[in-house]
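The next block holds one structure in the form of structure tokens; read it before the comments.
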Amino acid sequence: MGSLRTGVVEGQALSIAPGVHWLGALDPGMRQFDIILKTANGTTYNAYCVRGSSGVAIIDTVKEGFSQDFFTRLESVASYDEICAVVLNHLEPDHSGALPELMRRAPQAQLYISPKAMPTLRGVLKGGLDPERIHTTLDEEGESRIIDLGDRHLHFIQTPYLHWPDTQCTWLVEDGLLFSGDVFGCHFCDERLFNDKVGDFRFSFDYYYQHIMRPFREYVLKALDLIEPLPLRLIAPAHGPVLRESPADYVRRYRQLATPLLHREAGDEKTLLIFYVSAYGATERMAQAMREGAETIEGVRVSLFDIAGGEVAPFVDLIEEADGLAFGSPTLNGDAVKPIWDLLSSLTLVNVKNKLGAAFGSFGWSGEAIGLIEDRLRGLKLRVPLKGVRLKLLPTADELVVCRDFGRDFALHLCGRAERRVLDISELG
Amino acid sequence: MPKANVTFEDIGITVTVPAGTRLIEVSEKVGAGIIYGCREGECGSCQMRIVSGGENLASPSVLEDKVLKENMAGRATRLACQAQVLGGDIVVRPA
């Protein structure tokens, strides 16, 4: 494919393979995307047109403000009455911005989205599309539907949570082209468009993965199992360069990125990380007692960290691999202390869902920190199996026994060896 | 008031609750592994598998039914934020 003309020209679609065109838009001035992403090189919104012998399919659209670019490019290679199928691999507004207008201009076109995209579509279209024109990309038996374009066929690969519930990839069978949506994409704007022509975008590719895909690592691994066997000739993502030179290298890079950053040294043992901050040593003694208790349970590896120094990044990596997390904080003016919140507000990049969580701490007046931390842990979708331990000022010997028991019981939960119990709802507080 | 016994199989805890209780009111408090998102029956995050006693839950509403279908949920799956216990014994676990 190296002989194809390269470089985006205003008002013109760009051929990325015979009969397949890029219809996207360049946004070189973008410096911050979705609030959380820095975009030093801007971004592109990639949409594609696939021409078959019996019809045309459009795959994805662009952010609404760039609709004119999209429609002008589309009109340079196809007329609206030729469009039989519109596929949205992902419905976030940067891909669905021109969808309502496209469906209006091509009234015969049918829309294909993943089953999980239906609730999002309602928000995007606000009822503005005949339901008869909307189809899911899985049939009633759970098999991929096939869009027949005559001499070409589109199949669908369900890749949920990369990075929304609705995300899917579209596979152009005869040509080995994968329209991958946000997967293998990045925010990098370069009008030369192809990966073998643009500037060095490796940083953007990895950065995009770390910020967008990493929280869904388990889903990335499942998706890679589906994508790796494909005879890929080109990957056409929804942002950034089109990957025509060695596309499989980018799939391999995803596999590397999705592999745990830190090798698990605990083997089959369950890992418990205890983080604490202590003003006068009381919460620290509670943390130590909790560790002693947890370590009495075989098969649990405990680590203790005083995070008063405020480091966050290294602990995020540790937390991603851990099974259980405990946070100890004194209560200052009715709240947990800032280093604890800094860490607990930095976990959106990793998946902590269903890990076990616990809170404890010493207090002088009222001890709200423990409940607030527990609420945050539940908000992050951790399981909090035990009510936290809160002690007034310095722990007595008996109170330290309570902390040790707390650590032991938490470790039993980690190992799945907690005692079966029958409770009345009134005991739950 | 009639009571029901809800067992969260993943953590081995049974809770006695009054009839009319929604699963969401109990599962987080006991640390069960059912995960919540919107808590309003829309996002489908809190799907749970009914191991036994499904007949002891109120039938799904039209809204719950729609969300379950959109998530391609199996017949024994319910949303914990919506499912209300009527009585008897119910055993659930995360879907």
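The values are calculated or read from the model by the stated rules, or taken from the named source; none is laboratory data. These figures come from a predicted structure and were not determined experimentally. Don't worry about glycine lacking a Cβ; one is built from the backbone with ideal geometry, like all the others, and counts go over all protein chains shown.
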**Prompt:** What residue, among those in the range A:126-166 that are among the β-branched types (V, I, T) and assigned to a loop (DSSP other than H, G, I, E, B), is surrounded by the most Cβ atoms within 10 Å (Cβ to Cβ)?
**Reply:** A:T159
**Hits in the range B:12-34 (condition: in a strand (DSSP E or B), at the interface with another protein chain (Cβ under 7 Å from one of its Cβ atoms) and in contact (Cβ under 8 Å) with a residue 60 or more places away in the chain)** = B:V17
**Residue list for the range B:65-83, filter: within 14 Å of another protein chain (Cβ to nearest Cβ) and either of a type in the set (S, T, N, Q) or outside any strand (DSSP E or B) (or both)** = B:D65, B:K66, B:V67, B:L68, B:K69, B:E70, B:N71, B:M72, B:A73, B:G74, B:A80, B:C81
**Item:** Hits in the range A:395-429 - residues which are of a type outside the set (A, V, I, L, M) and not in a helix (DSSP H, G or I)
**Value:** A:P395, A:T396, A:C415, A:G416, A:R417, A:E419, A:R420, A:R421, A:D424, A:G429
**Request:** Identify, from the list A:I274, A:I297, the residue that is part of a loop (DSSP other than H, G, I, E, B), of a type in the set (V, I, T) and either crowded, with 20+ Cβ neighbours inside 10 Å or over 27 Å from the mean Cα position of the chain (by Cα) (or both).
**Result:** A:I297
**Request:** State all residues of the range A:48-67 that are in contact with a strand residue (DSSP E or B) (Cβ under 9 Å, 6 or more places away or on another chain) and free of Cβ contacts under 8 Å to residues at least 40 places away in the same chain; if no residue qualifies, say none.
**Result:** A:C49, A:V62, A:K63, A:G65, A:S67
**Prompt:** Does any residue in the range B:70-88 that is crowded, with 17+ Cβ neighbours inside 10 Å come within less than 8 Å, Cβ to Cβ, of a residue that is among the acidic types (D, E) six or more places away or on a different chain, and which pairs are these?
**Reply:** B:R78/B:E64; B:L79/B:E64; B:C81/B:E40; B:Q82/B:E64; B:A83/B:E64
**Request:** May I ask you to verify whether A:G123 is surrounded by fewer than 16 Cβ atoms within 10 Å (Cβ to Cβ) and either outside the structural domain of A:G55 (by TED's automatic domain parsing) or touching a Lys or Arg at 6+ places or on another chain (Cβ under 9 Å) (or both)?
**Result:** no
**Message:** Suppose we filter A:F216, A:F201, A:F205 for residues that are in the same structural domain as A:L177 (by TED's automatic domain parsing), touching a Cys at 6+ places or on another chain (Cβ under 9 Å) and within 19 Å of A:N89 (Cβ to Cβ); which single one remains?
**Reply:** A:F205
